[in-house]
Each structure stands twice: as C-alpha cells, then as structure tokens.
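Engineer: The structure under discussion is supplied below as structure tokens; questions concerning it will follow.
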Amino acid sequence: MKYLYYPGCSLRSTGRAYEESLLAVFRVLGIDLAEIDDWNCCGATNYMSINEHRAIAITTRNLALAEQQGGSGEVHIIAPCNACYMGLQKTKIYLDTEQGLREKILKTMEGAGLRYEGRVVIRHPLDVLINDFGLDKLKMAVKKPLHDLRVISYYGCQMVRPIATFDHEADPVSMDQVAMTLGATAVDWGMKLRCCGGSMTSTVPDVGQRLNYLLLKEAKAKKGDIMITACPLCQFNLECFQGKISKKFRDDISIPVMFFTQLMGMALGIPEKELGIHRLFVKPRPVTV
Amino acid sequence: MSDNQINKQAIPANWKPRIAAFFCNWCTYTASDLAGVSRLKYPATIRVIRIMCSGRLDPQFVTDAFAEGADAVLIGGCHPGDCHYANGNYKCLRRVHLLKKVLKQMGLEEERLRLEWISASEGKRLAEVVSEMSEAILKLGPCKVKQVVEHYEK
Amino acid sequence: MSHHKEEIRIGVYICHCGHNIAGTVDVTGIAEYASRLPNVVISKDYKYMCSDPGQVLIGQDIAEHKLNRIVVSSCSPLLHEKTFRDALVKGGLNPFFLQMVNIRENVSWVHTDTDDANLKARDLVRAAVHRVAYQKELTKKKVPVNPDVLIVGGGIAGISAALTMADAGKKVFLVEKEPTIGGHMALFDKTFPTLDCAACILTPKMSSVKKHPNITLWSYSEVSEVSGFVGNYKVKVTRKPRYVIEELCVGCYACVDECIFKEGKFPDEFNLGMSKRKPVYLPFPQATPLVAVIDDKTCIHFKTGKCQQSCAKACDRNAIDFNQQPEVKEIEVGTVILTTGFKAFDARRLPYYGYGKFPNVFTSLEVERMVNASGPTEGHVVLKDGSKPKSVGIVHCVGSRDEKTNKWCSRVCCMYSLKLAHLIKEHTGAEVYNFYIDMRTPGKGYEEFYDKLLREDVHFIRGRVAEVSDWATTSDEEGKLIMRVEDTMVGMVRRIPVDMVVLSVGLEPRDDAQDIRKLFNISCSTEGFFLEKHPKLAPVDTFTDGVFIAGAAQGPRDIPDSVAQAGAAAAQALALIDSGHVELEPNTAYITDTLCSGCKSCLNICPYKAIAFDDEKRKSVINEALCKGCGTCVASCPSGAIRQNLFEDEEIFSEIRGLFVESI
C-alpha cells in the first residue's frame, strides 16, 4: 500500500529529527511514502478557535490535494505530528457530519479549483506500523535489540483525544508496544496523557515549566532511561527546558527525550546521523553506548 | 410514455412525498408508537399499514401501493434473528430482493423501496429512517407509476 | 360495493385526546371530511373516546343508526384496541368490525406542520373506512391455561415470585444457572438502609424454596428451548452435570475435604476470585441446594483420567457419579416469569481508575465480600498486604451516568456506597471519602440514612474522580493511591491520597440477556434490559403474552423494588392462570380448498409446522391450534389459496387504495 505523507511545519523546523528518523525507518521497513505536493499549514490547534471556516478551509485544501494526487478510492494520509494528525482528523469529521459547513467549504475549494470528495483516511505512523505493517514483521527487522532499556512512552494529548481511533483514549499503549517489540522494557506510568504545557512554555513559562517538571520527575521516579514521544512540541518542551527546570526546582531531572522513530531507527541499525540523533540536546547515552 | 419518461418530469412546487409503510406489529410499529410517546419529530410523509409480521408482506402490496399512487414504500421488520415468528423477516428480505429487481425493470429508482430492521426500542431510528427517506424521495420527485398505469388502462 | 351481502353502515369517531390530538389535528374538520366518505353514516369528534361517555356514544349510535362497522381514530391500537372492541360488544356488534386509526402516536405527537398532519390524518381515516367495510365477523378462540409456572433466575426476585406462586397453590419450576440460588443478594453482608444482615433475611427464603412442596428447584440448569404460546408453553431445561447425585448428597463436605488438592487452587466464583476453591466444592455454607459440585474444567479426573477419586471414596452415600451426563427435562407451563438479574460493570473498562493495575483498587462487590464474616478475609477490610487501610476513597457512578460507558443511573450505587462507607468506618476506623456526582437517595428511609452518614464524619466530595494514580507529588502522597478530582463545591482540583479505593460499579444487562430474550421471544430496550409492555401501566408484562419480567433484568433496581416487582409479576401470572383460559387473537391463516393447487410451497415456510399435507385430497391443511398468525404462508401462496383472518388480502388492498385514492 502506498501512503501519502503530510509532514506539517514542525517536521521542517524544530522537529526535523522526527522527519529524518521517520523517513529512514519507513524506508528500511519498505513502507512507501509520497509527500503531498504543495501542502500547507494544518491550522494547528489555535486557528480553529479564531476563524473556524478559514481554519477548516486551509486544512481541507490539504485533503483535497491528497485526493487529487492519490488517485481513486481511499487515500491514506500519514500525519506524524500529533497536532497535524488531530487537526486533519477533526476537519474530516466536521466535513463528514456537518452538512452546512461541508457545502460552504466545498464552495471555497471550488474557488481554488479543488474538489474534496471525502475519500481520505488520516493515519498516524504508529497506527500504520501496528495495524498495517505489523509488530511481528517489525520484530524480525530489529538488528540491535534494546535490552535493559527502560522506556517511558509519553503520548501527550492530541494523539487519542478528543478522537481515539487506533488506541485507547484513556490508556494508550501503541508506543509501549513498539518499544517492547524493539526489545526494551516499557515502563507503565500514570502520566502518559498529561499536558506538556503546549505553547505555555513560552507564553506563561512558570506554568509550562512546572508541568514539564512534573512529567520529567515522574519519569525519573519510575527509573526511566529514556522518554519517547510522537509530537514535536512535546519533545521540544520536555527536552529544551531541562536545564532551567533542574535549576528552578533544585532537582536533577535530566533524561533524554527522543522521537519514537529515532528509537526504532537505532534498533533497526540505522546510522545515527540519518536519525537526527545529533540534533538532540540531551544525548541519549543509554541507547548509543 | 417510455420507461425513461416515467420520472423525468419537473417536481411540482410544494409537493411532498407520500410513502406507504408496512410495519411489523412487534417491532417497527411499536417503534413508531415509541417515537410518538417520546415526541420525536419526523416528516408527515409515511402512511402506516400494520401487519403482524414483515413475512406477511405480499409483493403485490408493494406494486399495488405504487399503482395507487405511493411515491415510495418503506417496510419495517425485526432485526435478523429477532423475528417474533422465528424467521418471517428473512422471507420478507427474499421478496424485497426480487421486488427491487422487478421495480428496477419498471424504471423505478432503487430508493423508492426500502426495507429496514427497526426494533421496538428504536423509536429514534424510525424517525431517522423516515426523515432520510423523505429527503431522498423529495429529491426524486413524484412517482409516475400511477399515471403510467392509468395511461395504459385507458 | 355490490359484493357485500349487507348494507355497510360505518360510524367514524375522531378523538381529541384532550389537547394531545386536537392540538395538532383539525379534529372537527376530519370528522366532517369522514362524514362524506362512502358508507359512512355518522361521523363525530369527541374529547375522550376512551372515557365511559365516549364508549357509550359508540353503543348508542350503533343502536340508533344501525351501524355495523366502526372506525375509531385516536391513539395506537396497541393501547386501546381492546377498549373499543369491548365498546362494540356492549353495543351488540362483533368486536372485529372495529378498525382503529393511530392519529396520536403516528400523527399529532410526531408532526409539527399542521397542514401535513391533517393531510396524513385524512388519508389514514379514509384508508380505515375502506378497510373496515371488508372486515368480517370473527370469534376469539378460548384455550385453557396450564396452571404451572416457570421462573428463570433464582435471585431474590425469582425466589420471591416462586414462593408467592407456590403459596397460591401453583406448581413452580425454578431454574437457576449457577449451582445455588441466592443471586447477588447472597454476596452481600448488610442491606441498606436498615443494615439488616442479608444472609439472615435471605437464607430462610432460600430454604423455603427448597422445602416447598410446590416448587421444583433445578439449579445448575438452563432453559434450552421454548415453544408454544400463552397458557401452553413447552419448555426444555438442560440440567448440567454436577457429577454429584443431588438426591443423595447431604452437603457434608467430606468430598471437599478429601479432594487430592489439599488447598483451594482455583478462583472461587462466589468470592469473586479473592479466595481459592477446589475442583469439588460447595459455593458457600448456606448454598441451596446444599449439594457439592465438581467442576470438570479443573478436576484432575476429567483432565487426565488419572485421579484416585478420593472424593468418591470419601462419600459414604455414594453420591459422586463421574459419568453424569447433561439431562434434558421437558415441562409444560402456562406462564413464565423471567428474573435473570444483572451483571456488575467491569471496572477494567475504565483504565484511569487503575482496577487490575493497582492491587488496592477494589470493586464494591469485592468489598461486600470482604466485610462479610464468611468472605475471603473473614469480615476484615484489609489491603492486599493484610494491613488495615487508614483512608479509603469510594468512587460513585463507575460505569453509570457516563456517555462513554452506560448512560443510565444504577439506582443503587449511592445507597450501597453509603452503606459501605458506614461498614468500612465501623470495621477499620479509616477516613472515608465518598466521591459523588449527585446524591440520589429516593426511597423509604434512604435520605435519613444519608443524613446519618453525614453525622458519622464520612467525607463527601461532589465531583467525578478523574483518575486514580500512584504518581506522588509530595511526600504525603508517597506510597498512596492518589485520587484526582474536581471538587465542584469548592471549585478546585483536589488530590486526595488514600490507601484503598472502592469503585462503586453500575448495573448492566447480563451477557446472556440477548439469548434469553430470543428464547422467550421478548424485546430488550436499547441498553439491553428486558423491555416491559408499557413503562407505567404494564411494567412487568412483555409483548409476549404469558411472559412476565421482574427484578434487575428489566432495569437497575434495589432489593425492595425487585421483591415488589416479583410480587407484581406473580400476581399477573396468577390472574392469568385463575381466569382459567386465554382468548387468542383470531388472526390465524386458513386455506380455501378450491384454490389450493397442492404445490406444497407453504409447508416449509411455516416456522411452527402448522401446515400439513393431506395426501388424499392433495391439498395443504392448516392446524389452527399451531398457527400463530404471522401470515408468512399467506404472502407466499402462489395461488392465493391461503388467507388470514383479520389481515385478509382485500382488507389490506382496500386500505392501500384508501390511503392514496380520494374517494369523495
């Protein structure tokens, strides 16, 4: 099966390592990705509350482009960033269920010379790995099993909420399953879904940093060696402020935080350079040694 | 008048469809009562004829309804496995499959005959089905079978 | 209408139903319209047709205007057809000359556009006028009612119904799936709000069932087949092998003591897996019947065939029989009462409460067993490590009042949570927190019980608990379960560390409710509980005559309500039995010999084998006693030889024509 790939802007900036590792891993596993030509912003979380019509229209443009490029029948779009994943899902559901809105948006699309027929399926890379590719096949592809590595999976909010498709909305396990398949120990902890502060780390740093402190502290308390995420903003928040947080709370909470695809790449024996490991601030010692 | 002409006519203004509805006493008829008791709202398009089981549905009831002027026919029976009389609903399903073929040959749109499984507790479902169907038939316009029949009878 | 022998004289009555119909439908206009339809002699509208004066009006008009057909346009025939048929009889007319038009449930209550509603009402009345002209004189067939009754489910509802019926002198078959009767009530220690000892009030009833000469108790049994109709059901009950001869066993425990398993090894169902039992066991000391069971899934003899059978040797009454086979009992009963109960919500479905993950998160039923002196901890409320909890949080509405799981209120969890709070405090002296959404205590003495708890220093926090975690943020929280909740009284999020969490689980339909529903041909409401015939006026009847329902199988309810409902179901069954006979709707099919071509296509259509073939006459014959009146054969007869009373072809065709063709 061929998938269309929607990178989103984070994967071209702060989350570049996510894209590098995702593409490398999918290439090694033989999962075909074709980037959507001329894609634009997903609207992220904020735009929808400012101007719903415009927010949905710009997202629909991506879906319409995908349909055009993907040919007839169902078109599967992989959106790795949790915010993009949720934004695209939400748009599709709105278009599917709200007749009036759909008509307005379709008219807007016409203005741009585009058609949207509702043939797209929005997929998360974890969903594709587990449900299409299969963990058994992944297990066979592992070259360097991650034995003795305690992995803390941090899901953040938007992967399963408010729309849970491939994992449980209150107790997601997909990243843990992948970590276990790589040979690591998946650490069960109670904060898989707790907020990372989102953009508050820059707008209200006191609050944002405290939220990240709580997460990092619990990850340490559970004796995690490494945290993995599937969201560029979560990864950024958890990693970049570790120095400040440690100083502020007088507590050493340093722990490597990487994208789950980077961890996969290491277990699959892909060179670090191709996985963007060098871009991490907190070097993942336990894995690379 | 050819088959193709049967329905290719302009939809009169303010026209509203009339749908003959054959409902099983035990499920869909009871659901229609429940919809009433729950004060659910749906278009006043259906005209219910109560039968004890959807298995009682004689295919001629359907053809007759069209001939007399129904714009569509809705049949309501018990969910598979739930028939009050063991399996009358399956017999109904068989007949509806055949009827659909016959009606298609007569030039009728598929949407004009609908079979739905609606249990006694599904008043909401009943209201939804009637609303959906009314909307679909409204788009199709009046069924012209009656005119054709009258044309040939002359 | 030249083929009618008599002159057809129709009376049409349009009911206002107060404002219910008249508020939407132009009743006087419809009545005027109907007066101009063919054969209509008189047409009237009246405020309440179902009232005495309304019914008398029909009788008077029948006499005065020599009416011989009546159309009543009012509510659903399922509600008042009997009322108006009786009115025809009183007026000296055959009751089957009535046709009802449903302009309330099917028109005024569901439509808002008055023009459309009036048009529809007119069409429906016109159709009925056309149909009724063809209706025939029919008589109801009377069949005797078998006085025996089958009760399915031996919880408190089934036990109560069985004792009432048996005391009234009726023969009762009580069928229970488990090895003992008692149901959920047997698991409880105390009952709210009186704090009566559950066993003290239940076990005498259980032994009365066992001792009653009119009750046949079949435990460890299930109904496998049902046929027949009201007053005359044929039922097959499969008795599962318990490998112990019931008549010989005295429940002395010798076999249990001598089992080669020295200790219990398998989860004990009665203690919800909190203790272990052997493959041969008695569910609990007051089990009824007090007869051992051998579980063939865990018994070494059945698994390997290599057991020394020490249990059989230990039994000096030779009650153990490893060769027992399932036994099918065939019985005939006139009425059935279904009291199959509920299933407790599976707390694992809400992972954020940590049940199954944190050892000290329990369900309310588990705590019920713990506080019970004969339970797994001998009446001590303890943590998994055996120590007493110093603080306990009770979460209400787990799996209730929740869009994601069950929308309905369990009706019992407020009260039993209060009871558990009281018992836990009494047993341990712990701080007890109740987390509730609303306190619902509508019952005799219930609000007073709540008040009593408020004075017992139990904490009440209004808010739905968001999660139970082991994530400590302060040293006070280390090693505790932390309950995070929005306290909606204070308006802030609170974290409350406790040693033990109790999840007050809701009530759900049983997994086998759908199977039972199909067996007895009744309906379930959307959530899966058995559907009553009318929520207010026929709460224990079903749409299948002679089958009644009671207890939590019909919806969540507590013990007093279940007992009351069981009494109601028993009274309904007794009324049916004591009337001696039932009248069957005359809607059976019949064959017109001269038209039957003997093609036999009807023979396999009938699900009741009511159609036979007369080899001499080369024609099909319908056995009226077996026919249930579905009409499937009628629709399938290629030569139109099969007809159905009450649903004759010409009746339906004229109804169709009447709907669509203006006849004025």
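The values are calculated or read from the model by the stated rules, or taken from the named source; none is laboratory data. Computed from a prediction, not measured in an experiment: that's the story for all the values here. Every residue, glycine among them, receives a Cβ derived from its backbone with ideal geometry; neighbour counts consider all protein chains shown. Areas reflect the complete protein model, heavy atoms only, side chains present, ligands, DNA and RNA absent. Shrake-Rupley method; radii C 1.70, N 1.55, O 1.52, S 1.80 Å.
Engineer: How about segment C:361-426: which trypsin sites (Lys or Arg not before Pro) there are in a DSSP loop, with at most 16 other Cβ atoms within 10 Å of their Cβ?
Structural biologist: C:LYS384, C:LYS390, C:LYS404, C:LYS407
Engineer: Figure the gain on full extension for C:GLU478 and C:ASP385 (residue separation times 0.36 nm, minus the Cα-Cα span) and round it to one decimal in nm.
Structural biologist: Answer, rounded to one decimal: 31.8 nm.
Engineer: If amide H atoms are built 1.01 Å from N in the plane of the peptide, which residues on other chains or at least 5 residues away come under 5 Å of the amide H of C:GLY528?
Structural biologist: Sorted by chain and number, the residues that satisfy this come to none at all.
Engineer: Using a 10 Å cut-off around each Cβ of peptide A:163-172, what is the average number of partner chain Cβ atoms that fall inside?
Structural biologist: 2
Engineer: Which of A:LEU65, A:GLY276, A:PRO205 sits closest to the plus end of the dipole of chain A, meaning its Cα is farthest towards the positive end, when Lys and Arg get +1 and Asp and Glu get -1 on the C-beta?
Structural biologist: Sorting the options by dipole projection puts first A:PRO205.
Engineer: Any chance you could run the full-extension gain for C:ILE664 through C:TYR590? It's 0.36 nm times the residue separation minus the Cα-Cα distance, nm to one decimal.
Structural biologist: Between C:ILE664 and C:TYR590, full extension yields 23.2 nm more.
Engineer: Now, a different point. What does the accessible area per residue of segment A:137-207 come to in Å², with a 1.4 Å probe and no ligands, DNA or RNA counted?
Structural biologist: It amounts to 45 Å² per residue over segment A:137-207.
Engineer: Provide, for segment C:52-180, the number of lysine pairs with alpha carbons under 21 Å apart, each pair being eight or more places apart or on different chains.
Structural biologist: So the count of such lysine pairs works out to 11.
Engineer: Beyond a 23 Å Cα-Cα separation, which of these cross-linked pairs lie in this structure: C:LYS262/C:LYS313; A:LYS2/A:LYS192; B:LYS101/B:LYS144; C:LYS234/C:LYS297; C:LYS210/C:LYS518?
Structural biologist: Too far apart for the 23 Å limit: A:LYS2/A:LYS192; C:LYS234/C:LYS297; C:LYS210/C:LYS518.
Engineer: Going by a 1.4 Å probe on protein heavy atoms, which residues of segment C:451-472 end up with at least 50 Å² less accessible surface in the whole assembly than in their chain alone?
Structural biologist: Residues meeting the cut-off: C:TRP471.
Engineer: If you don't mind, there's one more thing I want to ask. Identify all aspartates and glutamates with a Cα-Cα distance to C:LYS384 below 13 Å; exclude those on the same chain that are fewer than 8 residues away in sequence.
Structural biologist: C:GLU366, C:ASP499
Engineer: Across segment C:469-477, in residue order, what do the Karplus-derived ³J(HN,Hα) couplings come to in whole Hz, using 6.51 cos²θ - 1.76 cosθ + 1.60 with θ = phi - 60° and x for Gly and Pro?
Structural biologist: Using θ = phi - 60°, the values come out as 9, 10, 8, 8, 9, 10, 5, 4, 8 Hz.
Engineer: Related question: Is segment C:335-464 rounded, prolate or oblate when judged by the Cα gyration tensor, a ≥ b ≥ c being the square roots of its eigenvalues, rounded requiring a/c under 1.5 and prolate requiring a/b larger than b/c?
Structural biologist: Verdict is rounded for segment C:335-464.
Engineer: For segment C:495-548, what is the largest minus smallest coordinate of the Cα atoms on each principal axis, given in angstrom and ordered from greatest to least?
Structural biologist: 55, 26, 16 Å, listed from the longest principal axis down.
Engineer: Under the definition of partner shielding as Cβ atoms of other protein chains within 10 Å of a residue Cβ, what is the mean value for peptide C:623-630?
Structural biologist: Partner-chain Cβ atoms within 10 Å, mean over residues of C:623-630: 3.
Engineer: Based on DSSP H runs of at least 4 residues, each adding -39500 (n - 2.57), what is the mean residue ellipticity at 222 nm of chain C after dividing by all its residues, to the nearest 500 deg cm²/dmol?
Structural biologist: After summing the helix terms and dividing by the residues of chain C, the value is -8000 deg cm²/dmol.
Engineer: Right, next: What list of ³J(HN,Hα) values in whole Hz, one per residue of segment C:39-54 in order, does the Karplus curve 6.51 cos²θ - 1.76 cosθ + 1.60 (θ = phi - 60°) give from phi, with Gly and Pro shown as x?
Structural biologist: 6, 7, 8, 9, 9, 9, 10, 8, 4, 9, 5, 7, 6, 4, x, x
Engineer: Further, regarding this structure: For a quick check, take a GNM of chain A with Cα springs below 10 Å and name the residue from A:VAL151, A:VAL121, A:VAL160 with the largest mean-square fluctuation.
Structural biologist: In the Gaussian network model the winner is A:VAL121.
Engineer: List the residues of segment C:589-610 that lose 10 Å² or more of accessible area once all protein chains are present, compared with their chain alone (1.4 Å probe, heavy atoms only, no ligands or nucleic acids).
Structural biologist: C:ILE605, C:PRO607, C:TYR608
Engineer: Carbon and sulfur atoms: what percent of the 1.4 Å accessible area of chain A do they account for?
Structural biologist: 53
Engineer: Counting alpha carbon pairs within less than 8 Å and at least 6 residues apart, what relative contact order, in whole percent, applies to chain C?
Structural biologist: Taking the mean separation of contacting Cα pairs over the length of chain C, I get 13 percent.
Engineer: Now a separate question. If the cut-off is 21 Å between C-alpha atoms, which lysines fall inside it for A:LYS283, apart from same-chain ones fewer than 8 positions away?
Structural biologist: Result set, ordered by chain and number: A:LYS144, A:LYS217, A:LYS220, A:LYS222, A:LYS223, A:LYS244, A:LYS247, A:LYS273.
Engineer: Could you work out the helix-only [θ] at 222 nm for chain A, with each DSSP H run of four or more residues adding -39,500 (n - 2.57) and the total divided by the number of residues, to the nearest 500 deg cm²/dmol?
Structural biologist: -13500 deg cm²/dmol, from helical runs alone.
Engineer: Using a Gaussian network model of chain B with C-alpha springs under 10 Å, which one of B:SER54, B:SER119, B:SER38 is most mobile by mean-square fluctuation?
Structural biologist: B:SER38
Engineer: On to the next question. At 1.4 Å probe size, with the rest of the protein present, what percent of the exposed accessible area of segment C:249-305 is carbon and sulfur atoms?
Structural biologist: About 56 percent, which is the carbon plus sulfur part of the accessible surface.
Engineer: In addition: Structure shown: which of C:LYS600/C:LYS628; C:LYS343/C:LYS388; C:LYS236/C:LYS609 lie over 27 Å apart, alpha-carbon to alpha-carbon?
Structural biologist: Cα-Cα > 27 Å for C:LYS343/C:LYS388; rest within.
Engineer: Please list, by residue number, every one of the GluC sites (Glu not before Pro) in segment C:331-399 that is coil in DSSP and has at most 12 other beta-carbon atoms within 10 Å.
Structural biologist: When the GluC sites (Glu not before Pro) of segment C:331-399 are filtered for loop state and at most 12 Cβ neighbours within 10 Å, C:GLU378 remain.
Engineer: Next question. What percent does the relative contact order of segment C:506-633 come to when contacts are Cα pairs within less than 8 Å and at least six residues apart?
Structural biologist: Relative contact order of segment C:506-633: 15 percent.
Engineer: Taking every residue in B:55-67, how many Cβ atoms of other protein chains lie within 10 Å of its Cβ, on average?
Structural biologist: For peptide B:55-67, the averaged partner shielding equals 5.
Engineer: What's the ranking of C:652-664, B:62-74 by average number of surrounding C-beta atoms within 10 Å, highest first?
Structural biologist: Highest to lowest by the protection proxy: B:62-74, C:652-664.
Engineer: Let me ask something else. Ordering A:TYR154, C:TYR281 by accessible area with a probe of 1.4 Å, largest first, what comes out?
Structural biologist: Greatest to least solvent exposure: C:TYR281, A:TYR154.
Engineer: How many Å² of accessible area per residue for chain C, probe 1.4 Å?
Structural biologist: Computed with neighbouring chains in place, this is 42 Å² per residue.
Engineer: Same structure, new question: Exactly which GluC sites (Glu not before Pro) in segment A:159-254 are in a DSSP loop and have at most 16 other Cβ atoms within 10 Å?
Structural biologist: Those satisfying the criteria are A:GLU169.
Engineer: Residues of segment A:207-233 losing 40 Å² or more of accessible area relative to the isolated chain, 1.4 Å probe, heavy atoms only?
Structural biologist: A:GLU218
Engineer: Mind listing the long-range amide H neighbours of C:VAL621? Cut-off is under 5 Å, sequence gap 5 or more, other chains count too, H placed in the peptide plane at 1.01 Å from N.
Structural biologist: Residues meeting the criterion, in which the H sits 1.01 Å from N, are C:ALA612, C:PHE613, C:ASP614.
Engineer: Give the C-B buried accessible area in Å², both sides summed, 1.4 Å probe, nearest 100.
Structural biologist: Looking at C and B, the buried total is near 4400 Å².
Engineer: If you don't mind, there's one more thing I want to ask. For chain B, modelled as a GNM with alpha-carbon contacts under 10 angstrom, which of B:GLY77, B:GLY107, B:GLY88 fluctuates the most?
Structural biologist: Among B:GLY77, B:GLY107, B:GLY88, the largest GNM mean-square fluctuation belongs to B:GLY107.
Engineer: Could I have the simple spin-label model distance between B:ARG39 and B:GLU132, label points 7 Å from Cα toward Cβ, reported in nm to one decimal?
Structural biologist: 2.7
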